[in-house]
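Report on one structure; see the data block that follows.
The values are calculated or read from the model by the stated rules, or taken from the named source; none is laboratory data. All values reported here derive from a predicted model rather than from experimental measurement. Every residue, glycine as well, gets a Cβ built from its backbone with ideal geometry; the counts of neighbours run over all protein chains shown.
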Amino acid sequence: MKGKNFRAGLALLIAFTFSSIVFAQSTSPGRNESQEGEVFKGTVTAIDLLTNSLYVKGKKSEETFRVDPQTRILINNQASKLSDIKKEQKVTVIYRVEGGNKVATVIR
């Protein structure tokens, strides 16, 4: 009986150790992710309503995000539209990369 308990405990210890290593690698410093995708913070430099694009300048780069019908836009925690976003507004964009394009999933 003691041998079975020892093996079960050892198996749990190994499983826990392995999952901790995998978790630590997936949350390494420098990667800025949320559960919904990558995160980019910055200031809006332009909004193109014809192409549904949002241009945001961050600390190190300027990025262009495509906005599609599934994009959730929240201004002051209120559901909003792309046309409600103003130039010079500070935003956080959660996005996914799709076909080489950054597609916004959430804009706050």
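Checked against (1) assigned to a helix (DSSP H, G or I); (2) modelled with pLDDT of 55 or more; (3) surrounded by 10 or more Cβ atoms within 10 Å (Cβ to Cβ), SER83 meets all criteria but (3).
Residues considered: VAL67, VAL97, VAL93. Of these, the only one that is within 18 Å of GLU36 (Cβ to Cβ) and surrounded by fewer than 13 Cβ atoms within 10 Å (Cβ to Cβ) is VAL97.
Reported count of residues in the stretch 36-74, each being without any contact (Cβ under 8 Å) to a residue 24 or more places away in the chain and of a type outside the set (Phe, Trp, Tyr), is 11.
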